[in-house]
Amino acid sequence: MSVAEKITVRVRVNGEPREALVEPRTLLVDFLRENLNLTGTHIGCDTSYCGACTVLLNGRTIKSCTFFAPMADGGEITTVEGLSTNGALHPVQHAFAECHGLQCGYCTPGLLLSTLHLLNKNAKPTDKQIRKAIAGNTCRCTGYQNILKAIRMAAGEMGRR
Amino acid sequence: MYPHPFSYHRAQSLGEATKLLHQLGEESRVIAGGQSLIPLMKMRLAHPSALIDINLIPGLSEIKNENDELRFGALARHNDIEICEHTAAIPILHDCAAGIADVQVRNQGTIGGSLAEADPSGDWAATLLTLETSVVCTGSPGERLVKLEDFFKDAFTTVLEREELVREVIVQKPPKNSGGAYLAFKRSAPVYATASAAVQLTLEGKDTCKDIRIVLGCVGLTAIRAKQAETELRSQRIGEQTIERAAEAAREAAEPQSDMRGTADYKRALVAALVKRAIAIALRRARGERVEAGHEYVGR
């Protein structure tokens with residue numbers, strides 16, 4: 001096998017089976033953006049720091065810039081595109097919009113998925129738990145206070161459903 | 001940022017992984033969580049020609065609680081260890097696991113990968129060196145048990161043979177009157193610590209130190225056991241003066257380099273402060289108190 005030989009990566013993204021033929025060194029974030037045309041997942045620092053590229057793989061958040069696409073083969077991925085249903089915002093998205101939990105929006109896809117991951121495991125997080133849960137997501141606009149408010153609101157709304 | 005091209009192979013068993021390491025030759029490497037290896041590859045500081053993915057090998061992520069020991073499968077993720085009830089009984093392990101980088105990295109990074117990578121700034125080496133820890137290494141000649149203090153040779157270098165990998169990490173449970181703490185100081189969650197200190201001490205009575213281990217992280221080519229600092233406390237009453245002397249000895253034992261995280265002098269001062277605090281927390285825990293500790297950064 002020559003080193004650059006392409007391989008097929010098959011995954012389920014937001015419930016849909018998707019596949020593409022890629023070089024093994026393809027990063028998961030580029031696989032999503034370039035091969036599957038899902039550009040909601042952002043590339044921020046590209047060094048595993050900022051968390052803009054956060055997606056759920058098999059129910060757990062990962063930084064998709066620090067993950068090779070073939071390692072996800074056979075896996076289940078959720079990106080920001082999978083959050084809304086029939087055009088209706090997910091409660092987490094709605095809370096971010098309501099509380100001004102974003103300004104430029106670049107970090108938002110990652111923060112939404114980190115929030116979802118937190119609330120899936122812990123329906124009533126304390127402020128300290130919220131801070132810990134988003135420590136891997138950098139936002140350079142908001143100063144985080146409104147993000148905290150949004151996550152508290154999302155927890156309340158998801159609890160009521 | 002893209003690494004050099006490589007071929008990708010999935011191993012379904014440890015036997016297959018070692019066979020692939022043999023077949024694919026010297027430039028092939030095993031990938032577990034990849035949270036150290038992938039950044040190194042993206043910066044082109046590592047350029048394997050082939051990656052052998054062991055993430056789907058069954059049974060390699062288990063954490064077993066057996067009599068006197070905890071056994072961590074090589075693929076136990078930091079996050080699995082953080083939330084594991086068995087680990088909660090040994091607070092120093094929880095301190096370490098719960099503070100490594102951020103949630104996303106802890107979901108992916110593994111204990112076996114962290115030890116095998118032997119990054120001088122890694123958290124597990126310093127933590128586990130305060131306990132009786134052994135590494136089960138498996139390869140073509142068979143299995144061998146290596147004591148953790150014999151496992152690290154240099155920065156990014158272990159005793160693992162080329163066709164050998166970590167299967168399991170075995171940690172002896174400390175005695176009842178023992179307590180430990182791991183403290184790491186970092187600028188923000190996702191970065192490596194500037195310096196860290198791990199302390200595990202066993203009490204005789206209320207305040208006499210029967211035995212102690214003090215290990216420093218991020219301030220040398222490998223984690224450093226501060227033996228003189230231990231001597232200052234062993235068989236002594238633990239008080240302000242003995243703690244002060246131990247911290248001073250730890251400062252001497254550190255071999256930091258100036259870099260973007262701080263000057264060598266700054267790191268020595270930091271080590272002394274961390275050791276002092278870690279001893280105080282370990283002491284309270286040894287007496288049965290519940291105390292929070294772990295990684296510290298702004299906004300925590």
Is it true that A:T66 is within 19 Å of B:H78 (Cα to Cα) and among the β-branched types (V, I, T)? yes
Taking segment A:35-61 and the residues there that are away from chain B (no Cβ under 12 Å) and not small (G, A, S), the one that is surrounded by the most Cβ atoms within 10 Å (Cβ to Cβ) would be A:T41
Checked segment B:41-51 for anything within 11 Å of another protein chain (Cβ to nearest Cβ) and surrounded by 14 or more Cβ atoms within 10 Å (Cβ to Cβ); matches are B:M41, B:K42, B:P48, B:S49, B:A50, B:L51
Within segment B:1-34, residues hydrophobic (A, V, I, L, M, F, W, C), touching a strand residue (DSSP E or B) at 6+ places or on another chain (Cβ under 8 Å) and within 8 Å of another protein chain (Cβ to nearest Cβ) come out as B:F6, B:I31
>> Being of a type in the set (S, T, N, Q), within 14 Å of chain B (Cβ to nearest Cβ), farther than 27 Å from B:M1 by Cβ and surrounded by fewer than 22 Cβ atoms within 10 Å (Cβ to Cβ) is the requirement here; does A:T126 meet it?
In response: yes
Scanning segment B:287-300 for residues that are more than 21 Å from the chain's Cα centre (by Cα) and closer than 26 Å to B:K176 by Cα, the one surrounded by the fewest Cβ atoms within 10 Å (Cβ to Cβ) turns out to be B:R290
Problem - Residue check for A:A97: within 27 Å of A:Q129 (Cβ to Cβ), of a type in the set (A, V, I, L, M) and not assigned by TED's automatic domain parsing to the domain that holds A:R140 - result: no
Scanning segment A:130-142 residue by residue, those over 16 Å from A:Q93 (Cα atoms), out of contact with any strand residue (DSSP E or B) (no Cβ under 8 Å at 6 or more places or on another chain), within 11 Å of chain B (Cβ to nearest Cβ) and not hydroxyl-bearing (S, T, Y) turn out to be A:R131, A:K132, A:A133, A:A135
For segment B:101-157, the count of residues that are polar (S, T, N, Q), crowded, with 22+ Cβ neighbours inside 10 Å and out of contact with any helix residue (DSSP H, G or I) (no Cβ under 6 Å at 6 or more places or on another chain) equals 4
- prompt: Are any of the residues in segment A:5-12 at positive phi, modelled with pLDDT of 95 or more and more than 14 Å from chain B (Cβ to nearest Cβ)?
  reply: no
In the set A:A123, A:A133, the lone residue that is more than 21 Å from A:R161 (Cα to Cα), touching a helix residue (DSSP H, G or I) at 6+ places or on another chain (Cβ under 6 Å) and among the small types (G, A, S) is A:A133
Q | Condition check for B:N55: closer than 23 Å to B:R106 by Cβ, within 11 Å of chain A (Cβ to nearest Cβ) and modelled with pLDDT of 95 or more | A | yes
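Residue by residue, here is whether (1) at negative phi; (2) not assigned by TED's automatic domain parsing to the domain that holds B:E82 holds:
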position: B:V30; (1), (2): yes, yes
position: B:R44; (1), (2): no, yes
position: B:H47; (1), (2): yes, yes
position: B:N67; (1), (2): no, no
Reported set for segment A:73-109 where residues are within 30 Å of B:H9 (Cα to Cα), touching a residue at least 60 places away in the same chain (Cβ under 8 Å) and crowded, with 23+ Cβ neighbours inside 10 Å is A:I77, A:T79
Restricting attention to segment B:6-28, the residues that are under 17 Å from A:F67 (Cβ atoms) and surrounded by fewer than 20 Cβ atoms within 10 Å (Cβ to Cβ) number exactly 1
Of A:R18, A:R25, the only residue that is over 17 Å from A:L112 (Cβ atoms), at the interface with another protein chain (Cβ under 8 Å from one of its Cβ atoms) and among the charged types (D, E, K, R) is A:R25
Next item on the list: Considering every residue within segment A:107-118, establish whether at least one is touching a Pro at 6+ places or on another chain (Cβ under 8 Å) and modelled with pLDDT under 95.
Entry: no
Among A:N146, A:N120, the single one that is in contact (Cβ under 8 Å) with a residue 12 or more places away in the chain and more than 14 Å from every other protein chain (Cβ to nearest Cβ) is A:N146
In the set A:K128, A:K132, A:K124, the lone residue that is among the basic types (K, R), outside any helix (DSSP H, G or I) and out of contact with any Lys or Arg (no Cβ under 7 Å at 6 or more places or on another chain) is A:K124
- Query: Scanning for something at pLDDT below 95 and in the same structural domain as B:L160 (by TED's automatic domain parsing), does segment B:88-95 turn up at least one residue?
  - Reply: yes
- Query: Do we find that B:E16 is part of a helix (DSSP H, G or I), under 21 Å from the mean Cα position of the chain (by Cα) and not aromatic (F, W, Y) in this structure?
  - Reply: no
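Looking only at segment A:12-36, which residues are aliphatic (A, V, I, L, M) and within 16 Å of the chain's Cα centre (by Cα)?
Result: A:V13, A:L27, A:L28, A:V29, A:L32, A:L36.
The values are calculated or read from the model by the stated rules, or taken from the named source; none is laboratory data. Just so it is clear, the model here is predicted, and its values are computed rather than measured. Note that we place each Cβ from the backbone using ideal geometry, even for glycine, and neighbour counts take in every protein chain shown.
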